Amino acid sequence: MKCLFVREYQLANRVGGGALIGVLFFLAVVTIFPFGVGPDMILLSRIGAAILWIGALLATLLGLDRLFQADREDGSLELLVMSGRSLELVVLIKCAAHWAATGLPLVLATPVLSLFVGLDFQSIVLVTLTLLVGAPALTLVGAVGAGVTVSMRRGGVLLSILVIPLAIPILIFGVSAATAGAIDSNNFLVPFLFLCALTLFGLVVGPLAAAAALRVSGD
């Protein structure tokens, strides 16, 4: 399984553009908002957590359409389905490798990009923590969409249409935790725990649903 993780990590960096493309797209999204909103730093700091979460969501979607596509094109996906291995575990490892290659760099870039929207130190810490906990859930939800669209040509648009509505609860609790915690630290825990619960739920349901979708696409 370690070899599979290393292979998937290298594959995610190669076919999905890896960390650099994701971080550059994240940067582009975050820097566009100040031009649209204007130089009002007070307003930017109020919506800064939402800007960063939206940027992270869109950046996560970039390489998700290739999560299983390369395996389907070279025939290894069919071998994985027929190998007798737990397909759910394979999907989970692929998601972990994809997040390590694309999601973790977004989290590491968040403190720097937070300066573009005028966040103070406490807000930077909170939004980075919420992304660290919630970003894996975005990948797990995206894996379900990737499994559904794996057999479709140009499935990236359909994948976004499927994933974005499912990611809204994650977005809501992630932004709520970061924003409420910046105002009053006592208000941080409840939405943060809901965010943790969503990630744990995705950790269980995501691989199951994605594996089921892959089995259907292989029939």
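Structure values in brief
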read-out	value
Residue list for region 26-60, restricted to those being surrounded by fewer than 21 Cβ atoms within 10 Å (Cβ to Cβ) and closer than 18 Å to Leu132 by Cα	Leu27, Ala50, Ile54, Leu58
Given (1) of a type in the set (Phe, Trp, Tyr); (2) surrounded by fewer than 17 Cβ atoms within 10 Å (Cβ to Cβ); (3) free of Cβ contacts under 8 Å to residues at least 60 places away in the same chain, number of the condition Phe5 does not satisfy	(3)
Yes/no for Val15 being within 19 Å of the chain's Cα centre (by Cα) and at pLDDT 80 or above	no
Ala70 vs. criteria among the hydrophobic types (A, V, I, L, M, F, W, C) and at pLDDT below 90	yes
Selection from region 24-62 of residues that are hydrophobic (A, V, I, L, M, F, W, C) and closer than 21 Å to Leu140 by Cβ	Phe25, Phe26, Leu52, Trp53, Ile54, Ala56, Leu57, Leu58, Ala59, Leu61, Leu62
Single residue of Ser217, Ser160 found to be within 21 Å of Gly22 (Cα to Cα), open to solvent by less than 60 Å² (accessible area, probe 1.4 Å), at pLDDT below 90 and not aromatic (Phe, Trp, Tyr)	Ser160
Selection status of Leu77, in contact with an Asp or Glu (Cβ under 6 Å, 6 or more places away or on another chain) and over 13 Å from Pro136 (Cα atoms)	yes
Helices (runs of 4 or more DSSP H) wholly inside region 75-142 that include at least 1 residues being open to solvent by less than 20 Å² (accessible area, probe 1.4 Å) and either within 14 Å of Ala50 (Cα to Cα) or β-branched (Val, Ile, Thr) (or both)	87-98, 104-114
Residue count for region 143-157, restricted to those that are in a helix (DSSP H, G or I) and open to solvent by less than 20 Å² (accessible area, probe 1.4 Å)	5
Filter result for Pro165 (open to solvent by 40 Å² or more (accessible area, probe 1.4 Å), in a helix (DSSP H, G or I) and under 24 Å from Arg66 (Cα atoms))	yes
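The values are calculated or read from the model by the stated rules, or taken from the named source; none is laboratory data. None of these values were measured; they are calculated from a predicted model. Positions of Cβ are backbone-derived with ideal geometry, glycine not excepted, and every protein chain shown enters the neighbour counts. The accessibility values were calculated without ligands, DNA or RNA, using every heavy atom of the protein model including side chains. Shrake-Rupley method; radii C 1.70, N 1.55, O 1.52, S 1.80 Å.
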